[in-house]
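Down below is the structure, laid out as structure tokens.
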Amino acid sequence: MVQARDISKAFNGNEVLKKVSLDIHKGEVMAVIGPSGSGKSTFLRCLNHLEVIDAGSVVVEGQTLVSTNAQGQAQYAPEAQMRAILRRMGMVFQGFNLFPHLSVIENITEAPMVVKGLTRDQVMPKAQELLRKVGLQEKADAYPARLSGGQKQRVAIARALAMEPDIMLFDEPTSALDPELTGEVLRTMRQLAEEHMTMLVVTHEMGFAREVANTVVFMDQGSLIEAKPARAFFEDCSHARIRSFLDNML
């Protein structure tokens, strides 16, 4: 589904990603873990062009989003092609990013109407179905200010799914939530995993990584240190840096 090769990114001379390569397969749930500042979120943002890479390549379902030319510079696909590729990926942020002036149902229907040119009547059945999926059908007419953090994040997931992406990217979706509300969001993500949605999840939730992810990736100081099946990652970890991290997190 996604092939990332030698992704490099620096901010003001500080190398944040150091030739990170990763393959994400159809139906796979991949958890990316590691200490704060290790480049996890930056890598995620590079995959969907929220950050511009310095070098490397990203191919999404056989379509090249960005490659590196003979001069060693990143070269992105033409604008129309790039937009079509990016529509295949949904993104859920740690800060929700809901439109405060729109109701819950309007937050979900806005992108399909604006980006895909669909009518309200066309998108409403899907939006209502997604609200049922995340357990918030009774909140359709509520505004974000009246929702809990867990409810806001579930609306954000429904909003991303409304664009019918093939791949979902989650950037620490529970980090801004109280522990009690974290479970609401993780249950929704578990349901998506059971439906074989392809998911790349940057997370500090080790329980989710252990129990739901197929593959766990560990990053540190801008490098991908290890990628293993989840069971092997947690039960047979011999890398000293990873072991130290897990000892502090578990």
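The values are calculated or read from the model by the stated rules, or taken from the named source; none is laboratory data. Bear in mind the structure is a predicted one, so any value in this text is a computation, not a measurement. Cβ sites come from the backbone with ideal geometry, for glycine too, and all protein chains shown count toward neighbours.
Before moving on, here are some points about what is shown:
- Residue ranges of strands (runs of 3 or more DSSP E) in segment 193-250 with at least 1 members surrounded by fewer than 14 Cβ atoms within 10 Å (Cβ to Cβ): 223-229
- Condition met for ALA142 (touching a Lys or Arg at 6+ places or on another chain (Cβ under 8 Å) and either at pLDDT 95 or above or over 26 Å from VAL16 (Cα atoms) (or both)): no
- Residue that is surrounded by the fewest Cβ atoms within 10 Å (Cβ to Cβ), among those in segment 2-17 that are under 20 Å from the mean Cα position of the chain (by Cα) and among the charged types (D, E, K, R): ASP6
- Single condition LEU102 does not satisfy, out of (1) outside any loop (DSSP other than H, G, I, E, B); (2) touching a residue at least 24 places away in the same chain (Cβ under 8 Å): (1)
- Residues that are surrounded by 14 or more Cβ atoms within 10 Å (Cβ to Cβ) and over 22 Å from ASN69 (Cβ atoms), drawn from segment 18-28: ASP23, ILE24, GLU28
- Selection count where residues are touching a residue at least 60 places away in the same chain (Cβ under 8 Å) and either among the hydroxyl-bearing types (Ser, Thr, Tyr) or out of contact with any Leu (no Cβ under 8 Å at 6 or more places or on another chain) (or both), scope segment 1-18: 6
- Which numbered condition SER36 fails, given (1) of a type in the set (Gly, Ala, Ser); (2) at pLDDT below 95; (3) part of a strand (DSSP E or B): (3)
- Failed condition for ALA84, given (1) part of a helix (DSSP H, G or I); (2) over 30 Å from VAL66 (Cα atoms): (2)
Yes/no matrix, rows are residues, columns are (1) of a type in the set (S, T, N, Q); (2) within 17 Å of SER223 (Cβ to Cβ); (3) in contact with a strand residue (DSSP E or B) (Cβ under 8 Å, 6 or more places away or on another chain):
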| position | (1), (2), (3) |
| --- | --- |
| ALA4 | no, yes, yes |
| SER8 | yes, yes, yes |
| VAL16 | no, yes, yes |
| SER21 | yes, yes, yes |
| SER36 | yes, yes, no |
| GLY39 | no, yes, yes |
| LEU44 | no, yes, yes |
| VAL66 | no, no, yes |
| PRO78 | no, no, no |
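- Single residue of segment 171-192 satisfying the filter (touching a strand residue (DSSP E or B) at 6+ places or on another chain (Cβ under 7 Å) and in a loop (DSSP other than H, G, I, E, B)) that is farthest from LEU131 (Cα to Cα): GLU172
- Scanning segment 46-63 for residues that are surrounded by fewer than 18 Cβ atoms within 10 Å (Cβ to Cβ) and either under 18 Å from LEU169 (Cβ atoms) or in contact with a helix residue (DSSP H, G or I) (Cβ under 6 Å, 6 or more places away or on another chain) (or both) yields LEU50, VAL52, VAL59, GLU61, GLN63.
- MET168 passes every criterion in (1) assigned to a strand (DSSP E or B); (2) surrounded by fewer than 15 Cβ atoms within 10 Å (Cβ to Cβ) apart from (2).
- Flag for ASP23 being farther than 29 Å from ALA158 by Cβ, among the acidic types (Asp, Glu) and modelled with pLDDT of 95 or more: no
- Members of segment 100-125 that are surrounded by fewer than 16 Cβ atoms within 10 Å (Cβ to Cβ) and closer than 22 Å to LEU44 by Cβ: VAL115
- Scanning segment 54-78 for residues that are outside any strand (DSSP E or B) and on the phi < 0 side of the Ramachandran plot yields ASP54, ASN69, ALA70, GLN71, GLN73, ALA77, PRO78.
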